[in-house]
Amino acid sequence: MNCNYRLVLTTVMVASLAACSGGADRRRQANQDFTYLESKPLESWTLPAGAEPFSTDDYAIQNKAYQGEIGSGVDIRPPQQVLELIPGARSVKDADGVTLLLPKAEELPKVWLLIQGIIAEQNVKIRNQAANSIETDWVTWTHEDENTEIGNRYLIEKSSEPNRYSFKVSLIDWREDGVEKPVSVVNKERYSIAMLNLVTAKYDQQVRDEARLRAQELVKQIPISMGKDRSGLPVIIARAAYNVFWERLPSLVEDLGFTVEGRNRSQGVVEVKFRSPDDAFWTELGTKPIMLDDSTYKLQLGDLGNRTSINVTDSNGKPITEEALNTIAPVFALAIERANNQ
């Protein structure tokens, strides 16, 4: 059995490599000048005539064989880091691989099912499988900071201990360009973490997708009206929590002639470009057109607890008129109602 699985590592490995440039050798070595390997052997010191001998052990180097790479074999890449994508989870590294300890019992079966799904979707063959473990066939990684195509085999184990919600990824076999070689300590850690990050990144995306779907369901019942902000200025009020309305807003406005060009959730800003639909669109929607010129705007969202305020500023950063704002609120309300009926 031999299965090549080409994994895109840009999301899980490139973060620690983005500051580097050049070929694989330059990313793995500080300098390609290895002339130090041609240094002459040390010679015994010969005292000049008349000199008195003096010695100290302060800088003595033990006379023994030291294990480690030299020359082009030295790898100076920063250690691979476990991505903290699951809130409350923590990782533990040992000589065999890396373990991720999950904070909740219900997360472990979801992650384990996801792992099996990734293996099936990518046609990774399995050598051995049990209730709590999966041993894969060869998985192939290709990445610009490697000189050769890298092949790995993994053992992925789910904890069966009560009150311990964890899974462990261990790299058990290694090959380069199809040739099997011993697994180094550095590579075992690097590629065990790479696989773990691939799983957690996929799980994080799955959680986000589920949250977005939930938000879309919740937003179906959101009333829209005009109101006042804390300063007494006119704003549109959506009777939904900020995180719920934030997820729904892009698709809502894109149905009304807006194009979303940027979003900043922490600041509550959505940058949009408006191009008014034709008269037939407004007739079908059953409302008057929005009183906005075809231009760029910023939608400023505010968190009011169980409600969300929406204000609109023009390309100069000035709030649009209250009259214009009054034309947007009923359009938002009708757009939500129409989405509910589709």
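The values are calculated or read from the model by the stated rules, or taken from the named source; none is laboratory data. Computed from a predicted model, the values in this text were never measured in an experiment. As a convention, Cβ positions derive from the backbone with ideal geometry for all residues, glycine included, and neighbour counts pool all protein chains shown. The area values use the complete protein model at the heavy-atom level, side chains included, leaving out ligands, DNA and RNA. Shrake-Rupley method; radii C 1.70, N 1.55, O 1.52, S 1.80 Å.
Screening Ala51 with (1) among the small types (Gly, Ala, Ser); (2) within 25 Å of the chain's Cα centre (by Cα); (3) on the phi < 0 side of the Ramachandran plot gives one miss only, at (2).
Scanning the range 125-135 turns up one or more residues that are open to solvent by 80 Å² or more (accessible area, probe 1.4 Å), basic (Lys, Arg), at pLDDT 90 or above and outside any strand (DSSP E or B).
The test for being in a helix (DSSP H, G or I) and either modelled with pLDDT of 90 or more or closer than 16 Å to Gln80 by Cα (or both) does not hold for Ile156. Does any residue of the range 175-191 turn out to be free of Cβ contacts under 8 Å to residues at least 60 places away in the same chain, farther than 18 Å from Lys298 by Cα, more than 22 Å from the chain's Cα centre (by Cα) and surrounded by 15 or more Cβ atoms within 10 Å (Cβ to Cβ)? Yes: one or more hits.
Among the candidates Ile119, Ile76, Ile86, which residue alone is in a helix (DSSP H, G or I), among the hydrophobic types (A, V, I, L, M, F, W, C) and at pLDDT below 95?
Answer to the selection: Ile119.
Restricting Leu292, Leu301 to those that are closer than 15 Å to Phe258 by Cβ, touching a residue at least 40 places away in the same chain (Cβ under 8 Å) and not in a helix (DSSP H, G or I) reduces the list to Leu301. For the range 283-292, the set of residues classified as under 42 Å from the mean Cα position of the chain (by Cα) and surrounded by fewer than 12 Cβ atoms within 10 Å (Cβ to Cβ) consists of Glu284 only. With the condition kept exactly as written, say whether any residue in the range 254-273 is open to solvent by 20 Å² or more (accessible area, probe 1.4 Å), out of contact with any Leu (no Cβ under 7 Å at 6 or more places or on another chain), aromatic (Phe, Trp, Tyr) and within 16 Å of Thr327 (Cβ to Cβ). No - not one qualifying residue is present in the range 254-273.
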